[in-house]
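**Q** The structure is given below, and queries will be raised subsequently.
The values are calculated or read from the model by the stated rules, or taken from the named source; none is laboratory data. Small disclaimer: the values here were computed from a predicted structure and weren't measured. Here the Cβ positions follow ideal geometry from the backbone for every residue, glycine too, while neighbour counts run over all protein chains shown. Ligands, DNA and RNA are stripped out before the accessible areas are found, and what is left, the full protein with its side chains, is counted by its heavy atoms. Shrake-Rupley method; radii C 1.70, N 1.55, O 1.52, S 1.80 Å.
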Amino acid sequence: MICLWCYREIIPEITWSNLFQLYKPKPICLDCENELELLQGERCRKCSRQTNKEICSDCLWWDDNGALDTIEFNYSLFAYNTMMQNMIAKWKYRGDYILGELFKTYMVEAFNKKFANLKKDVIAVPIPLSNARMKERGFNQANLLAEFLPVIRADILLRKDGEKQSKKNRMERILTDNPFFIQQTINKPVLLVDDIYTTGTTLRHAATLLKENGCPAVYAITLVRG
Amino acid sequence: MQDYEMPPLHELSARFSGKLLLRKEIPLEETLFQQLLSLNYLTPKKAITRKNFTYQCERCGNQKHYLFANIPCGICKQRHLYCRKCIEMGRTSECEMLYYWTGPQFTWIFHENPCSWQGELTDVQQKAAQRIVTAIRNKERELLVWAVCGAGKTEMLFPGITDALQMGKRVCLATPRADVVRELQPRLQKAFSKVAIQALYGGSKDKQGTAQLIIATTHQLLRYEAAFDVMIIDEIDAFPYHADESLPFAANRATKAQCTTIYLTATPRKRHQMLINRKKLPHVFVPVRFHGQPLPVPKKTMCHSLKRDLSKNLPPAAFLKWIKVRQNPSRQLLIFVPSITLAENMKDHLYRILKLQGHFHSIEKLDSVHAADRDREQKVRAFREKEIFILITTTILERGVTFPSVDVAIFDAGHDVFDEAALVQISGRAGRSPDDPTGEVVFFHQGKTEAMIQAIDSIKKMNKRGGF
């Protein structure tokens with residue numbers, strides 16, 4: 001096996017737990033894996049941000065502006081440290097599709113930990129790309145993350161062409177118009193899937209639209225809490 | 001033919017001849033682009049080819065399976081390969097084409113008097129420079145210039161480049177390191193003030209690469225095909241050129257059929273030495289530095305507790321002894337260490353110890369630098385301007401940089417990162433100025449290695465060939 005990130009060979013250590021069992025080697029070496037920072041400890045119940053309050057100030061702000069507070073809660077896996085920034089840049093912007101495989105086990109674990117009770121009827125909905133962006137990148141990173149989850153996936157959201165979120169500042173992001181549209185109604189709870197949670201605007205826009213179209217509850221899972 | 005207004009043909013051919021580009025790298029309107037295709041002015045070829053069980057990326061030459069991956073493409077709606085090796089330059093995938101210019105060739109300017117350099121070459125340099133000129137005139141395929149550290153390689157190239165420009169040839173000076181490109185550009189622009197020169201490296205502002213004289217990192221050559229009449233590759237033994245197969249591949253492809261390739265090095269690798277010995281590779285040897293003094297021969301100093309000291313981030317005891325008895329205490333000091341962490345951690349300890357010793361009055365500033373350091377360029381400049389007195393560095397400063405008057409120490413010279421070439425290069429940092437043509441080089445080690453012995457041997461051998 002060769003590490004997907006640093007291209008060095010991974011030599012698995014033989015321990016009692018893998019000596020008699022077939023086991024699946026990880027696609028990333030230990031050194032690289034250790035540089036990723038899993039979010040731990042006390043976190044905001046709503047947006048997964050590391051904080052000692054139960055609900056962070058950002059989420060309280062969203063609460064005050066009730067109309068937009070449409071997601072039950074968001075769960076994120078990783079902190080947006082330098083390593084993760086480099087990985088996201090190569091994966092999403094350079095277009096190194098296979099790097100998404102690195103996050104497969106983490107996504108499945110996180111789903112089982114946080115959303116297992118929803119397993120029966122929840123539908124995973126990836127945040128879509130606009131057609132123009134799809135033509136540029138050739139793949140949707142959120143789609144790949146949604147594929148890892150052990151639930152039904154449905155691409156029911158669509159997106160208008162517009163400026164990149166990552167090129168705007170905080171206030172501009174929050175004040176953008178809803179870029180999504182939908183062509184059907186839905187009567188099951190939805191788990192939105194995206195790669196980065198920064199201000200939460202994107203997810204809230206998508207959730208608002210889903211709720212308007214009959215969705216009873218919207219949850220979110222994001223790879224990184226920016 | 002439509003009545004579409006085409007930009008003048010010579011403008012297009014200047015922009016695209018010699019280039020090998022993806023569609024997204026060609027900023028032309030679709031109609032014009034299609035028109036050029038139907039005229040056969042642009043020719044497509046597959047970006048990734050399959051042959052039996054092997055794949056090849058046509059841009060970087062990569063054939064390793066683990067550097068390819070499958071992508072379910074949202075553009076062509078099929079699952080196909082893409083190359084992971086050259087992905088930093090924009091993804092090449094199986095559904096894409098690379099385009100190269102097959103329209104009328106651009107004629108480059110015949111410069112009458114391109115060289116504005118006023119300096120003079122020494123006799124030895126002159127001889128080597130003459131050999132380069134002959135090679136270019138006779139369209140010889142290859143020539144290796146083996147010149148000791150500090151022989152003045154760049155200046156030796158000037159007559160050759162001048163000659164090529166006079167004959168309307170296109171010239172590329174490629175080097176593996178971006179630092180060196182940045183250092184070379186102002187020097188060359190000064191020497192050829194009337195010629196348009198472009199410098200290409202990851203993050204350079206001017207990315208067009210359409211000038212007659214181009215200075216580039218070897219990575220940038222991935223975007224060229226059959227472009228240059230004269231290709232000069234500096235430091236062929238340096239990382240990553242000798243380790244990464246796609247760089248020689250790209251450099252070779254960027255040359256025209258009748259191109260002269262000139263390699264420059266101070267420490268040729270085994271393979272090149274073997275080719276020289278078998279007379280398969282013509283070469284010219286420049287054994288003397290431009291100021292005519294021999295290379296400083298390194299001293300080996302055994303330190304019994306070196307590994308223990310270094311693990312505590314302390315300098316070896318023998319170093320503290322040596323620093324008191326340096327021949328010329330006013331020289332700056334360059335300390336090489338094997339790892340980034342050591343460079344960072346030793347800084348404070350060394351400062352404290354040297355201050356405590358008190359033998360070292362002139363200690364103004366001590367700093368460390370390594371590849372991951374953001375202020376790297378600035379620190380190197382500060383050291384050159386003598387604002388920093390002692391600089392702890394990793395191997396990033398082993399080559400391509402000139403400091404006028406330094407002593408050099410290597411901690412743990414037996415470490416794997418210090419191979420023969422690295423040690424010779426590091427020793428070559430000392431005594432580079434005509435005002436202070438000597439300098440001390442000390443290897444602090446715990447058990448000498450083959451690399452150390454061979455490095456010292458080869459320095460002595462070069463001095464001998466230089467007549468010392």
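**Q** Please compute the modelled spin-label separation between residue B:134 and residue B:313, points set 7 Å along Cα→Cβ, answer in nm with one decimal.
**A** Rounded to a tenth, the inter-label distance reads 5.7 nm.
**Q** Only Lys, Arg, Asp and Glu count, each charged at its Cβ (+1, +1, -1, -1), so figure out the dipole size of the protein assembly as shown about its Cα centre, rounded to 20 debye.
**A** Working: 98 positive and 75 negative charges, 273 e Å.
Dipole of the protein assembly as shown, to the nearest 20 debye: 1320 debye.
**Q** Starting from the Cα of residue A:173, step 7 Å along the direction of its Cβ; do the same at residue A:8; then give the gap between the two resulting points in nm.
**A** Calculated label separation equals 3.4 nm.
**Q** Could you provide, to the nearest whole Å², the per residue accessible area of chain B with probe 1.4 Å? The partial results should precede the final answer.
**A** On the way: 21520 Å² over 468 residues.
Spelled out: the 1.4 Å probe surface of chain B, per residue, equals 46 Å².
**Q** Quickly estimate the mean residue ellipticity at 222 nm for chain A, helices only: each DSSP H run with n ≥ 4 gives -39500 (n - 2.57), and the total goes over all residues, rounded to 500.
**A** -8000 deg cm²/dmol
**Q** Among the chymotrypsin sites (Phe, Trp or Tyr not before Pro) in region B:10-119, which ones are in a DSSP loop with at most 15 other Cβ atoms within 10 Å of the Cβ? Mind listing them?
**A** Those satisfying the criteria are B:53, B:110.
**Q** Helix B:123-137 against the longest principal axis of chain B: what's the angle in degrees, Cα atoms only, rounded to the nearest 10?
**A** 20 degrees
**Q** Can you tell me how the protein assembly as shown classifies by the Cα gyration tensor, rounded, prolate or oblate, using a/c under 1.5 as the rounded cut?
**A** Working: a/c = 2.29, a/b = 1.41, b/c = 1.63.
It comes out oblate by the Cα gyration axes.
**Q** So how much accessible area does residue B:304 have, in Å² to the nearest 10, using a 1.4 Å probe?
**A** 150 Å²
**Q** Could you tell me the calculated FRET efficiency between residue A:117 and residue A:54, based on Cβ-Cβ distance and R0 = 22 angstrom, to the nearest 0.05?
**A** 0.60
**Q** For a quick check of understanding: with a 1.4 angstrom probe and all protein chains in place, what accessible area in square angstrom does residue B:416 have, to the nearest ten?
**A** For residue B:416, solvent-accessible area is about 140 Å².
**Q** Taking all protein chains as present, what is the carbon and sulfur share of the accessible area of the protein assembly as shown, in % to the nearest whole number, probe 1.4 Å?
**A** 50 percent
**Q** Among A:108, A:196, A:81, whose Cα projects farthest towards the positive end of the dipole of region A:39-225, with charges put on the beta-carbon of Lys, Arg (+1) and Asp, Glu (-1)?
**A** A:81
**Q** Using helices alone, what [θ] at 222 nm do you get for chain B, with -39,500 (n - 2.57) per DSSP H run of 4 or more residues, divided over all residues and rounded to the nearest 500?
**A** -9000 deg cm²/dmol
**Q** Under the rule a/c < 1.5 gives rounded, and otherwise a/b versus b/c splits prolate from oblate, where does region A:39-225 land using the Cα gyration tensor? Don't skip to the answer; put the middle values down first.
**A** Values: a/c = 1.12, a/b = 1.05, b/c = 1.07.
Rounded shape, in that the Cα axes give a/c under 1.5.
**Q** Now for a separate question. Over the heavy atoms of residue B:342, what accessible area does a 1.4 Å probe trace out, to the nearest 10 Å²?
**A** Probe radius 1.4 Å; accessible area of residue B:342 about 20 Å².
**Q** Another question, then. So what's the gap between the Cα centers of region A:130-188 and region A:1-33, to the nearest angstrom?
**A** Cα centroid of region A:130-188 versus Cα centroid of region A:1-33: 34 Å apart.
**Q** On to the next question. By the gyration tensor of its Cα atoms, with a ≥ b ≥ c the square roots of the eigenvalues, what is the shape of region B:48-94: rounded for a/c under 1.5, prolate for a/b over b/c, or oblate? Kindly include the intermediate steps, with their values, before the conclusion.
**A** Working: a/c = 1.89, a/b = 1.22, b/c = 1.55.
Since a/c reaches 1.5 but b/c is at least a/b, the shape of region B:48-94 is classed as oblate.
**Q** Mind listing the long-range amide H neighbours of residue B:254? Cut-off is under 5 Å, sequence gap 5 or more, other chains count too, H placed in the peptide plane at 1.01 Å from N.
**A** For residue B:254, the qualifying residues are B:226.
**Q** With θ taken as phi - 60° and the coefficients 6.51, -1.76 and 1.60, list the Karplus ³J(HN,Hα) couplings across region B:22-38 in order, rounded to whole Hz; mark glycine and proline as x.
**A** Per residue, the Karplus-derived 3J(HN,Hα) values read 7, 4, 6, 9, 9, x, 10, 5, 4, 4, 5, 4, 4, 4, 5, 5, 6 Hz.
**Q** If you scale each eigenvalue of the Cα gyration tensor by 5 and take the root, what three semi-axes come out for chain B, rounded to whole angstrom and sorted largest first?
**A** Equivalent ellipsoid of chain B: 44, 27, 20 Å, largest first.
**Q** Answer with one residue from B:414, B:103, B:35: the one whose Cα lies farthest towards the positive end of the charge dipole of the protein assembly as shown, charges on Cβ with Lys, Arg +1 and Asp, Glu -1.
**A** B:414
**Q** Here is a follow-up. How tilted is helix B:178-191 with respect to the longest principal axis of chain B? Cα atoms for both, answer in degrees (0 to 90, nearest 10).
**A** 80 degrees
**Q** Scan region B:110-202 for trypsin sites (Lys or Arg not before Pro) in coil per DSSP, keeping those whose Cβ has at most 14 other Cβ atoms within 10 Å, and list them by number.
**A** Those satisfying the criteria are B:139, B:141, B:194.
**Q** How about region A:89-127: which trypsin sites (Lys or Arg not before Pro) there lie in a loop by DSSP and see at most 14 other Cβ atoms within 10 Å?
**A** Answer by residue number: A:119, A:120.
**Q** How long is the gain from residue A:109 to residue A:19 if the chain were fully straight, where each residue apart is worth 0.36 nm and the alpha carbon distance is subtracted?
**A** The residue A:109-residue A:19 span can extend by a further 30.1 nm.
**Q** Any idea how far apart residue B:325 and residue B:63 come out in nm if each label point goes 7 Å out from Cα toward Cβ?
**A** Rounded to a tenth, the inter-label distance reads 5.7 nm.
**Q** Further, regarding this structure: Can you tell which of B:128, B:214, B:382 lies farthest toward the positive end of the dipole of chain B, using +1 and -1 charges on the Cβ of basic and acidic side chains (Lys, Arg; Asp, Glu)?
**A** B:128
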